[in-house]
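A.B. asks: Dropping a structure here in structure tokens format, bear with me for questions.
The values are calculated or read from the model by the stated rules, or taken from the named source; none is laboratory data. Keep in mind that this is a model prediction, so the values were computed, not measured. Heads up, the Cβs are rebuilt from the backbone with ideal geometry, glycines too, and the neighbour counts pull from every protein chain shown. For accessibility, only protein heavy atoms count, side chains too; no ligands or nucleic acids. Shrake-Rupley method; radii C 1.70, N 1.55, O 1.52, S 1.80 Å.
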Amino acid sequence: MSTIRLSAAEIAEKLAAGEVSSAEVTQDHLDRIAAVDGDVNAFLALDGEGALETARDVDARRAAGETLHPLAGVPIAVKDVVATEGIVTTAGSRILEGWVPPYDAFLTRRLRAAGLPILGKTNMDEFAMGSSTEHSAYGPTHNPWDLDRIPGGSGGGSAAAVGAYEAPLAIGTDTGGSIRQPAAVTGTVGVKPTYGGVSRYGLIALASSLDQAGPVTRSVLDAALLHELIGGHDPLDSTSIDAPVPPVVEAARRADVSGLRIGIVRELGGEGYQAGVRARFDEAVTLLTKAGAEIVEVSCPSFEYALSTYYLILPAEASSNLAKFDAMRYGLRVGPHGVADPSAEQVMAATREAGFGDEVKRRIIIGTYALSSGYYDAYYGSAQKVRTLIAQDFARAFEQVDVLISPTSPTTAFRLGSKLDDPMSMYLQDVATIPANLAGIPGLSLPVGVAEEDGLPVGLQVLAPAMADDRLYNVGAALERLLLEQWGAPLLSKAPELATKEATK
Amino acid sequence: MTATRTELVPFDAALETYDPAMGLEVHVELNTASKMFCGCSTVFGAEPNTQVCPTCLGLPGALPVVNGKAVESAIRIGLALNCSIAPWSRFARKNYFYPDMPKNFQTSQYDEPIAYDGWTEVTVETDEGPRVFRIDIERAHMEEDTGKSLHVGGSTGRIHGADHSLVDYNRAGIPLIEVVTKPILGAGKYAPLVARAYVASLRELVKALDVSDARMEQGSMRCDVNLSLAPSGSDVLGTRSETKNVNSLRSVERAVRYEVERHAGILDAGQKVVQETRHWHEDTGVTTSGREKSDAEDYRYFPEPDLVPVAPSDAWVEELRATLPEPPAERRARLQAEWGYSDLEMRDVVGAGAIDLIEATISAGATPTAARKWWLGDLARRANDTATPIDELGVTPTQVAEVQALVDAKRINDKLARQVFDGLVAGEGTPEEIVAARGLEVVSDDGALAAAVDRAIEANPDVADKIRDGKVAAAGALIGAVMKDMRGQADAGRVRELIIEKLS
């Protein structure tokens, strides 16, 4: 029997008990990828051989009686924004087509050291700019629930891979919701840890002060196990927090909300949120109340400005971070058309013209403008002030409550192509997730059912104070258990079966 | 738009009409073992692109980490320049595209430098004797160096006309401290000398702090000269030019002088000075127009989000203050008194960069007079003739003291000592070994000397007669003959004694 529908924790148990080998589990997932990824397009690059090699090595070490990491042998998919030595890393961009990093990101090193076979690299919006994965230079990923719909973004590939049982675990990155929103619209679990909780070393930067890597899984416990593995201090990232990883696994196992005070953010809900999304959210609130949580409504008035703030800070930092893509040392190089003896500047310009997509160019232009002399104070400077106000709103809220909750995304998965010509409407997808990035606090999204009107998954977001990531897992796991009791089976089991092609072995 | 070419106005004439204002920006490359933001080596002269890593190559995903030793050096430079040290300062990104800049932004400090508001003093020889000029320091901040572009195929080595370019990133990320003065006003005709003295004193200071090699010829210390003229007595500054990479003390002086003459020419012709960057030409002694700065380049500075602020504790700053060496001016005064040198002698010693060498030679046992005699005589000449820094001749202070000890013991004379130095430079061993190997020891065997004296008397009967007649001064000719006979290896004093003995 294939192992693809097992959770990572279950696979880990079976591996430890010797019921299956990592090589078998890894092969099962590679077969699944071969069978469905032609339709889903969750992967940009596969490393089947490398994954099997790791798997066999783990099996041999286990047979030799070595003490292994609990997740050793459990395969994983990694978002293409993470540097993986020897495996092509493009960040979804044409400008990095074929680039093989000569080094591993911090978290890649952690995965390798723990013996997790890396199946491949997942699709994403170019340089993580987008909420639908349609801005990938290599074609969109399709939502396993409905192949005509978006899987969210920027980490649509990771969420779809996990949702389509192509991988039990995946790594995502979240700058404004790129882990949580895809999790919400694909019925999976995604966590953005506290800023500084997971090293950014080796993540191709979008916005340095907002980027954070985290787990994408099908259960809250699996997310905690992966979070624990990739978290912790890294001296190579100056912004990495020098403190132990919060007790996330213990919290996921505790799963008890009795006596907890849970805040509902007035500004994150109501108008602009799809009816089915609101209905599922309200039901979840009822469940939490029944389980003994005290529900409090809180107000965060500055959240109104979160989106505008974000769309100044992000493009400003991105415009500078993306300057390194200049055709001089790596990646694409394009000569300007019809110029016999081009200068370095002309080659840079032609390469950036050909190598960057429209959304990337749009944000580089916005960011360049926002940082320009004469505009800096009005744009970037003001945005930083509002950012402080948003952090203060959170601080006040967390004086009253232990965690905050909201719908993760205002809508369920929309149709591919439907928002491509309307960037503002696309940006609004992240209206509920962005405040956490601006304040550096952690957030988790878990599935809370499907919307009646379209039968598509709805996500609920839990937010906690910085370095209190364990609270996310406690509340998330408690709600997950309450819902599972109600449903009798995980939400993903309600997703339609994907057509499979015979694996070509 | 470059102004129409105008005549230079002779320096002295220019100073009759205008007051110069200068601003000096000096980049000092620190001598830390690793780069500013990564662990790569900083050793000069390695094979191109061998001292690089994901961070200093600007590979996607790589991140910087601040070099604590560089921060320490920055604070010590700041303290030595009487600056305030910021309890909290940040790095900023200076954004511009250039092939030798790996990230296309330079990680620097902008409005929050680590050291600010300092001062230093320099002494310049004026018509009325030595005069002290105070130089106010605006700031000293940390930043990283860029890579180095090599333009191949053109005749000038500049990018214009080159056929292709190569980039060496070994230098990318080397820590730099940029020290910026406030406008230096009121130096008048001494402006070129003040500029030179300031750069010289800064060089001396960073060497004394042991934070930089400060080799201008290798580019580990580089100076940009900002200069403007205003009508005499005006308190409004004129439009400035910024002359880049003026890389020797002499050039600093010449560049200031040239720019004064050029600006005066433009102003006298009723034209406007263009605010621009200019290139200094060492060979011809002129500056030429570089980039125009009139539409003020926009570097889009913003705080570096990949780094946390630098926040040195008061205790650390005080600890570093305690490690500061004696200020160079005080040290010079103390040593001059100890050694009994005249002002002129001391100035020559400082000018030759020999102060440390002489100090070490004296502590190795030589007298101040002997130490100065060798370092400013034979050794300075060798340095000059071979264009080698005097501390790189291959002769150590201890060896100089040893050579002098041999002279004092009358085992060699000054002339033979020069041959010992030849041997030292050629790496032939210790002074003792060289004396033995080259057979330089003076002949103290009176028998051999007496025989040589006899031969000389016999060969020069006329001279001998004169001496017999009491004209002792004529002995010189005979001494010369004996020394020649002995191939210089005789103690001239003893030879003289023997001659007088024999002829009296």
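A.B. asks: Which value in Å does the Kirkwood hydrodynamic radius of chain B take, with 1/r averaged over all unlike C-alpha pairs and then inverted?
C.D. replies: After inverting the pairwise mean of 1/r, the radius is 26.7 Å.
A.B. asks: Normalise the Cα radius of gyration of the stretch B:446-503 by 2.2 N^0.38 Å (N = residues in it) and let me know the number.
C.D. replies: Dividing the Cα Rg of the stretch B:446-503 by 2.2 N^0.38 Å gives 0.97.
A.B. asks: Taking the convex hull of the Cα atoms, report for the stretch B:263-328 its projected area averaged over all directions, in nm².
C.D. replies: If I average the Cα hull's projected area over directions, I get 10.4 nm².
A.B. asks: How large are Rg and Dmax for chain A when calculated on the C-alpha trace, in angstrom?
C.D. replies: In Å, with Rg to one decimal and Dmax whole: 21.5, 74.
A.B. asks: Okay, next question. Would you pull out the residues with amide H under 5 Å of residue A:43's amide H, same chain only if 5 or more places away, H placed 1.01 Å from N?
C.D. replies: A:123
A.B. asks: Ignoring ligands, DNA and RNA, please state the percent of accessible area on the stretch B:446-503 from carbon and sulfur, probe 1.4 Å.
C.D. replies: 52
A.B. asks: Continuing with the same structure: So what is the diffusion coefficient of the stretch A:83-225 in µm² per second by Stokes-Einstein at 10 °C and 1.306 mPa s, using a Kirkwood Rh over Cα pairs?
C.D. replies: 108
A.B. asks: Turning to a different aspect of this structure: If all Cα-Cα distances of the stretch B:348-504 are sorted into 5 Å bins from 0 onward, what percent lands in each bin, rounded to whole numbers?
C.D. replies: Spelled out per bin, shortest first, that is 2, 9, 18, 16, 14, 11, 10, 9, 7, 3, 1.
A.B. asks: Here's another thing I want to ask about it. Over both sides of the B-A contact, add up the buried accessible area with a 1.4 Å probe and give it to the nearest 100 Å².
C.D. replies: In total, chains B and A hide about 2700 Å² from solvent.
A.B. asks: Let me ask something else. Residues of the stretch B:306-323 that become at least 40 Å² less accessible with every protein chain present than in their own chain isolated, using 1.4 Å: which are they?
C.D. replies: Buried by the other chains: B:306, B:308.
A.B. asks: Per residue, what volume in Å³ does the convex hull of the Cα atoms of the stretch A:379-495 enclose?
C.D. replies: Measuring per residue, one finds 119 Å³ for the Cα hull of the stretch A:379-495.
A.B. asks: Okay, next question. Under the definition of partner shielding as Cβ atoms of other protein chains within 10 Å of a residue Cβ, what is the mean value for peptide B:48-61?
C.D. replies: Values: counts 0, 1, 0, 0, 1, 2, 7, 3, 0, 4, 7, 10, 21, 17.
Across B:48-61, the average partner-chain Cβ count within 10 Å equals 5.
A.B. asks: So if R0 is 25 Å, what FRET efficiency would residue B:477 and residue B:385 give, r being the distance between their Cβ atoms, rounded to the nearest 0.05?
C.D. replies: The value I calculate is 0.20.
A.B. asks: Taking N as the number of residues in the stretch A:335-438, what is its alpha-carbon radius of gyration divided by 2.2 N^0.38 Å?
C.D. replies: This ratio for the stretch A:335-438 stands at 1.56.
A.B. asks: Near the amide H of residue B:238, under 5 Å away, which other amide H atoms are found, from residues 5 or more places off or on another chain, if H is placed in the peptide plane?
C.D. replies: Sorted by chain and number, the residues that satisfy this are B:229, B:230.
A.B. asks: Now a separate question. When all C-alpha to C-alpha distances in the protein assembly as shown are sorted into bins of 20 Å, what percent of pairs does each bin hold, rounded to whole numbers?
C.D. replies: Distribution as computed: 12, 33, 26, 18, 8, 3, 1 percent.
A.B. asks: Continuing with this model, one more query. Taking only complete DSSP H runs, can you tell me which helices of chain B stretch 27 Å or more along their own long axis by Cα positions and average at least -1.0 on the Kyte-Doolittle scale? List each step's numbers first, then the result.
C.D. replies: Values: long enough: B:249-268 (29 Å, -0.47).
Span-like helices here: B:249-268.
A.B. asks: Another question about this same structure. Could you tell me which trypsin sites (Lys or Arg not before Pro) in the stretch B:192-299 are loop residues by DSSP with no more than 15 other beta carbons within 10 angstrom of their beta carbon?
C.D. replies: Those that pass, being in a loop and sparsely packed, are B:215, B:272, B:293.
A.B. asks: Where in the stretch A:235-283 are there GluC sites (Glu not before Pro) that are in a DSSP coil and have at most 10 other Cβ atoms within 10 angstrom of their Cβ? Present the calculation step by step, with values, prior to reporting the outcome.
C.D. replies: Details: sites: A:250, A:267, A:271, A:283; in loops: A:267, A:271.
Answer by residue number: A:271.
A.B. asks: For chain A, with every protein chain kept in place, what is the accessible area per residue (1.4 Å probe, Å²)?
C.D. replies: Spelled out: the 1.4 Å probe surface of chain A, per residue, equals 34 Å².
A.B. asks: Ignoring everything except DSSP H segments at least 4 long, calculate the 222 nm mean residue ellipticity for the protein assembly as shown; use -39,500 (n - 2.57) per segment, divide by total residues, nearest 500.
C.D. replies: Value at 222 nm, helices only, nearest 500: -11500 deg cm²/dmol.
A.B. asks: How many Å² of accessible area per residue for the stretch B:11-319, probe 1.4 Å?
C.D. replies: 41
A.B. asks: Apply the Karplus curve 6.51 cos²θ - 1.76 cosθ + 1.60, θ = phi - 60°, to the phi angles in the stretch A:281-288 and return the couplings in whole Hz, x for Gly and Pro.
C.D. replies: After applying 6.51 cos²θ - 1.76 cosθ + 1.60, I find 4, 4, 4, 4, 4, 4, 4, 5 Hz.
A.B. asks: Hey, got the average number of other protein chain Cβ atoms within 10 angstrom for residues in A:92-104? Write out the running numbers ahead of the final one.
C.D. replies: Values: counts 0, 1, 0, 1, 1, 0, 0, 2, 0, 5, 4, 6, 1.
Mean shielding count: 2.
A.B. asks: While we're looking at this one, here's another question. Principal axis lengths of the stretch B:13-123 from Cα atoms, whole Å, largest first?
C.D. replies: Extents along the principal axes: 56, 35, 28 Å.
A.B. asks: Evaluate the Kirkwood expression for the hydrodynamic radius of the stretch B:222-314, namely the inverse of the mean inverse distance over all pairs of different C-alpha atoms, and round to one decimal in Å.
C.D. replies: One decimal place: 15.4 Å for the Kirkwood radius.
A.B. asks: Taking only the Cα atoms of the stretch B:328-438, how large is their convex hull per residue, in Å³?
C.D. replies: Convex hull volume per residue, Cα atoms: 95 Å³.
A.B. asks: Percent of accessible area on the stretch B:11-319 owned by carbon and sulfur, 1.4 Å probe?
C.D. replies: Exposed carbon and sulfur together represent 49 percent of the surface.
A.B. asks: By how many nm would the segment from residue B:323 to residue B:210 grow when fully extended, if each residue of separation counts as 0.36 nm and the alpha-carbon distance is taken off?
C.D. replies: Contour length minus Cα-Cα distance gives 39.6 nm.
A.B. asks: Calculate the mean, over all residues of peptide A:311-324, of how many other protein chain Cβ atoms lie within 10 angstrom of the residue's Cβ.
C.D. replies: 4
A.B. asks: Among the listed pairs A:14/A:501; B:94/B:272; A:324/B:94; B:471/B:502; A:192/B:103, which are separated by more than 18 Å between their Cα atoms?
C.D. replies: A:14/A:501; B:94/B:272; A:192/B:103
A.B. asks: Using every Cα-Cα pair within the stretch A:374-427, state what percent have a distance larger than 12 Å.
C.D. replies: Of all Cα-Cα distances in the stretch A:374-427, 77 percent exceed 12 Å.
A.B. asks: How large is ³J(HN,Hα) for each residue in the stretch A:97-113, as worked out from phi by the Karplus curve 6.51 cos²θ - 1.76 cosθ + 1.60 (θ = phi - 60°), to whole Hz, x for Gly and Pro?
C.D. replies: Coupling constants for the stretch A:97-113: 3, x, 6, 10, x, x, 8, 9, 5, 3, 6, 5, 4, 4, 4, 5, 4 Hz.
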